[in-house]
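Below is one structure; the comments refer to it alone.
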Amino acid sequence: MRPDLLTWLQCATCGGPLASAPSPDGTIAAVRCDACGISAAVVQGIPRFVEVPEDPAARRTQASFGYEWTHFHDWRPSGDTNFNDYFEGVKLDSLRGAIVLDAGCGMGRHARHIAPFVGRVVAVDFSRAIDQAARNTADAGNVDCVQADLLALPLADESFDFIYSLGVLHHLDDTPRALRGLVRKLRPGGRLRVYLYWKRHGWKGRLLRVATVARRVTTRMPFAVLRACCRALSVGLFGFVVLPYRVLSGLGVAAHEDWPLFVYSKYPFNVLFNDQFDRFSAPIEKRYDPDEVKQLLESAGLTDVAVRPCFGWVADGTKPVSRGVATVTCSYRIESRSQ
């Protein structure tokens with residue numbers, strides 16, 4: 001842990017500043033709040049603010065993503081393609097010097113990709129995936145990893161210029177509370193981007209309902225067994241759905257991006273496999289229509305909310321700054337398009 005990480009940390013219990021406690025070898029062994037006495041160990045350079053949750057759903061969620069990103073830890077198969085999908089419209093050159101929060105970083109692939117464009121990234125995850133994130137971003141030089149819960153973030157309010165949380169909030173029991181917490185960490189004028197699952201209607205909605213019924217069983221399965229089942233499922237989906245898209249594309253037949261699993265036609269097999277495990281393992285899965293996403297962000301205090309489809313919904317919002325009756329934004333901008 002680098003000492004200047006304390007600049008962005010604060011006690012999640014009382015909001016007080018945190019101080020470091022050195023170990024005999026001179027490294028930081030823990031961080032501590034002198035006001036309320038709360039402390040967190042620093043293990044392998046990562047401040048650890050979480051324990052095993054008492055709530056069964058939260059406990060399964062933590063274990064699920066820890067298992068997932070330990071086994072699906074290679075960021076290269078998704079690489080630039082994934083980053084370009086989720087960060088479309090972000091003017092990366094305008095983020096030079098920005099302090100960025102990756103809220104729910106998983107294996108750290110997005111933190112790794114955005115790091116060259118920004119001043120500093122604080123990558124947070126509440127599972128043991130944070131260790132894989134630290135390994136995947138070790139050579140970036142400007143990424144700090146913190147193990148913490150999005151519902152009790154040990155981060156200073158109004159400290160971040162840009163916050164993103166991709167594929168995380170829809171797995172939480174209290175999504176609005178988590179989103180409000182992220183907005184508190186955002187500087188006035190800063191921007192927040194989220195990715196949330198979309199609701200599907202018609203025959204696609206019926207297919208999702210079948211998957212939802214299956215999840216009643218799969219979310220209780222041992223992870224190793226579920227992983228084997230998801231691999232078999234993925235082999236079938238890749239062979240009978242994804243590969244035909246590729247063949248049609250090679251023949252010059254245009255395929256529609258809204259078709260089921262079309263997104264995987266540009267990815268290798270392991271990305272589909274990873275996503276099937278993700279879909280069937282986490283106990284909580286929420287889905288939204290675009291107006292619900294817009295309302296969610298506006299209810300958290302964001303303005304200029306824009307929602308666009310990206311095999312789900314990518315949504316941006318700005319934290320307003322009031323100067324008299326005027327509203328201003330920070331010096332960089334994110335251009336989002338609606339479809």
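Out of the DSSP beta bridges found with both residues in the chain, what percent are antiparallel (nearest 5)?
Antiparallel: roughly 55 percent of the beta bridges in the chain.
Take the alpha carbon gyration tensor of region 210-259, find the square roots of its eigenvalues, order them as a ≥ b ≥ c, and report rounded if a/c is under 1.5; if not, report prolate when a/b exceeds b/c, else oblate.
It is prolate, given that a/c is not under 1.5 and a/b is the larger ratio.
So what does residue 1 come to for accessible area, using a 1.4 Å probe and Å² rounded to 10?
50
For region 2-99, state which trypsin sites (Lys or Arg not before Pro) are in a DSSP loop and have at most 14 other beta carbons lying within 10 Å of their beta carbon.
91, 96
Roughly how many nanometres apart are two label points built 7 Å out from the Cα toward the Cβ at residue 173 and residue 259?
4.2
Return one whole number: the accessible area per residue of the chain in Å², for a 1.4 Å probe.
It amounts to 46 Å² per residue over the chain.
Grab the DSSP H runs of the chain that are 4 residues or longer, score each as -39,500 (n - 2.57), total them, divide by all residues and round the 222 nm result to the nearest 500 deg cm²/dmol.
The per-residue figure over the chain is -10000 deg cm²/dmol.
Please list 51, 158 in order of solvent-accessible area, largest first, computed with a 1.4 Å probe with all protein chains present.
Solvent-accessible surface, decreasing: 51, 158.
GNM, the chain, Cα, under 10 Å: largest mean-square fluctuation among 164, 86, 245?
Fluctuation is largest for 245.
Past 25 Å, Cα to Cα: identify those pairs from 204/266; 185/294; 185/266; 266/319; 91/286, in the order given.
Violating the 25 Å limit, Cα to Cα: 185/266; 266/319; 91/286.
What's the carbon and sulfur percent of region 41-138's accessible surface, probe 1.4 angstrom, rounded to a whole number?
Carbon and sulfur together cover 49 percent of it.
For region 208-306, with all protein chains present and a 1.4 Å probe, just round the carbon and sulfur fraction of the accessible area to a whole percent.
In region 208-306, the share of accessible area belonging to carbon and sulfur is 63 percent.
Springs between alpha-carbon pairs under 10 angstrom, Gaussian network model over the chain: which of 20, 299, 249 fluctuates most?
249
Under a crude label model (7 Å from the Cα following the beta-carbon direction), how far is residue 27 from residue 308 in nanometres?
4.3
The values are calculated or read from the model by the stated rules, or taken from the named source; none is laboratory data. Since the structure is predicted, the reported quantities are computational estimates derived from the model, not experimental observations. As a convention, Cβ positions derive from the backbone with ideal geometry for all residues, glycine included, and neighbour counts pool all protein chains shown. Heads up: the accessible areas ignore ligands, DNA and RNA and are worked out on the full protein's heavy atoms, side chains in. Shrake-Rupley method; radii C 1.70, N 1.55, O 1.52, S 1.80 Å.
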